[in-house]
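Take a look at the structure below.
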Amino acid sequence: MGGLLIDPAVKVEAVRDILIEDGKISAIAPGLARKSALRGVPAIDAKGKWVIPGLVDMHVHLREPGREGDETIKTGTKAAARGGVTTVLAMANTEPVSDSPSQLAFLHAKARTDAVITVLFAGALTAGQNGEKLTEFAKLRAAGAAALSDDGRPVMDAGLLRRALEYADDLGLLVIDHCEDLNLSNGACVNEGPTALRKGLRGAPWAAETAQVVRDIVLAQLTGARLHIAHVSTAASVEAIRTAKRNGIRISAEAAPHHFALIDKDINGYDSNWKMNPPLRGVEDRLALLAGLADGTIDAIATDHAPHGCAAKELGMDLAPFGIIGLETSLSVALTDLFHKKVLTRRKLVERMSSGPAALLGLKDKGTLTPGADADLVIVDPELTWTPAAAFFSKSRNTPFAGRRLKGRALTTLSAGRVVHAL
C-alpha cells in the first residue's frame, strides 16, 4: 500500500493501493487500505518505493535437465525472484535438448513442483539444435512451447530458417535467433580490437553478429513473419534493426545488461567470468545500445542468464565456456546505468523489463498491474545501494558485476500474490 505504482501498459504513474485476491489483482485505487471492509487484511507498506509489474525475462538458461550442478529450476527461479523477475523463458539447450513434446512435458511438471515463479519454456527450432532438421512445431506448441529457439547455436542455413519462420508464424510462435556467423567468430573469446590484441586473445569481429542480423532481417521481410533477435551487442546491428522497423519489417530485439553497462576495456585481466557470447564490445557499441533502448529499437532487456560452475570457469579465457549469470543483478544494473544516468525514464525502464517482453511473448496477464491480471509485482527501492557478493541464490557465481556498486534493488517480490522474496 502507498507505493508509487508504475504500469507502462496503461501509462500509469501514481500513488495507489493494490488489492490482491486469489492470486489476481482485484482492485487498484488510492486509499484502499483505509476502507473499513479491508481492516485487518494483511498489508505490505510500500510508501516511498516503486511498485512495478513483475519483470519478464525472455532469455534464461536454467540448465535442467543435464547440468543440475550449474543450476536447477528451483535455484534459478529463486535467483529470479530475488531480482524482481516473476516470469522467465527458459531456452532449449538443455541435455537432452528440449526438442520433443515429452521433454517439454517433463519440464512443465518439474516447474510445477520446484519453481517459485512462472517458468515458460522454448522448444528447440531444430532437432538436437543441430541446425539440420526442423522440429515438429505444432506438437511443441501443443506441449506448451512458448517460443522456438536454438539459442546457444546460430541457425547457419538460411533456407532452413526461412521455412522455420513460415511454419512458426502460421502457428503464432515467436522465433528467437542467436545471430552469429561461426565462420567469422571462429570460437573467439573476446571482441576483436585493441583489448584482444593487448591480451593476446582471439577476437570476434562485430560483423560476426551483424552479418546474421542483416540476413535475418531479409528473411523476415521475405516471409512476412515475426523474428526476435537475441542479445544484440553491436552498433551496426542496432542500426540495421532500426531501419528494418522503419520499413515495417516484423523484427524485435533484446539487449542484455552486461552489454549496455560494460565494454571490452573493462575486462578484468583474464578472468573468464567476463567471457560471454556475444562478447563485450566497444564504447560505440554500448552507446548505440543505450540509444536503441531509449528510442524503442530494442524492445526488451533480457539477461541471457547462463550459469556455469567454478571449475569450468577456472579453465581460462580460451577454454572456459561462454556465459554469465544475471537474474539477481539485472534490475539493479538497469537502474544504475539506465535510470540514474537518465538514459531511460522510470516508465520506459519498467516497460523494457515487463510489459515489453510480455507483449512479445503474448502474455496478456503478465507485465501489467491492471485488475484481473496475475498478481506478479515488485516493490523497488531505486535509491538503495548495494554490492553483489558471493551469496547468490543461483548455484553459480560467474558474474562480472561481483564487487560493483549498484544503485537500486528489488525489496519484495510477489508471484501470483505470494511473497516469493523479501530482502
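General observations
- Spherically averaged projected area of the convex hull of Cα atoms, the range 322-399: 6.8 nm².
- The range 1-154, Rg to Rh (Cα coordinates; Rh as Kirkwood inverse mean 1/r): 1.11
- Cα-Cα pairs of the range 122-187 separated by more than 14 Å (percent): 52
- The trypsin sites (Lys or Arg not before Pro) found in the range 367-423 that occupy coil by DSSP, while having at most 15 further C-beta atoms within 10 Å, are R405.
- Rel. contact order, % - alpha carbon contacts under 8 angstrom, at least six apart, the range 1-90: 27
- For the set I28, I117, solvent exposure ranked by accessible area (probe 1.4 Å, protein chains only) runs largest to smallest as I28, I117.
- Taking all C-alpha pairs of the range 222-274, those more than 16 Å from each other amount to 52 percent.
- Just the protein heavy atoms count here, and of the accessible area of the chain at 1.4 Å, carbon and sulfur take up 52 percent.
- Under the criterion of Cα pairs below 8 Å and six or more residues apart, the relative contact order for the range 139-188 equals 48 percent.
- Per the Debye calculation on the chain with a single equal scatterer at every Cα and no solvent contribution, log₁₀ I(q)/I(0) for q = 0.14 Å⁻¹ amounts to -1.29.
- Share, in percent, of DSSP beta bridges within the chain that are antiparallel, nearest 5: 50
- Out-of-range pairs (alpha-carbon distance over 24 Å; input K110/K366; K133/K275; K348/K407): K133/K275
- Taking trypsin sites (Lys or Arg not before Pro) across the range 300-360, the ones in a DSSP loop with at most 12 further Cβ atoms lying within 10 angstrom of their Cβ are K341, K342.
- The tail of the calculated P(r) for the range 155-236 beyond 19 Å holds 42 percent of all Cα-Cα pairs.
- The alpha carbons of the range 255-347 give a radius of gyration and a Dmax of 13.8, 42 Å, in that order.
- Mean-position separation - Cα centroids, the range 143-188 and the range 1-73, in angstrom: 33
- Qualifying trypsin sites (Lys or Arg not before Pro) in the range 1-59, where qualification requires a DSSP coil assignment and no more than 15 other C-beta atoms within 10 Å, comprise K11, K35, R39, K47.
- Calculated diffusion of the range 156-300, Stokes-Einstein form, Kirkwood radius summed over Cα pairs, 20 °C and 1.002 mPa s, µm²/s: 138
- Accessible area (Å², per residue) of the chain, counting only protein heavy atoms and a probe of 1.4 Å: 38
- When you work out D = kT/(6 pi eta Rh) for the range 54-126 at 25 °C and 0.890 mPa s, using the Kirkwood radius from C-alpha pairs as Rh and the Stokes-Einstein form, the result is 205 µm²/s.
- When all alpha carbon pairs of the range 269-422 are counted in 5 Å bins from zero, the resulting P(r) reads 2, 8, 14, 19, 20, 17, 12, 6, 2, 0, 0 %.
- With Rh defined as the Kirkwood radius, the inverse of the mean 1/r over Cα pairs, the Rg/Rh of the range 359-423 is 1.06.
The values are calculated or read from the model by the stated rules, or taken from the named source; none is laboratory data. Quick caveat: nothing in here was measured; it's all calculated off a predicted structure. Virtual Cβ from ideal backbone geometry, glycine too; neighbours counted across all protein chains shown. Just the protein is used for accessible areas: all its heavy atoms, side chains included, with ligands, DNA and RNA removed. Shrake-Rupley method; radii C 1.70, N 1.55, O 1.52, S 1.80 Å.
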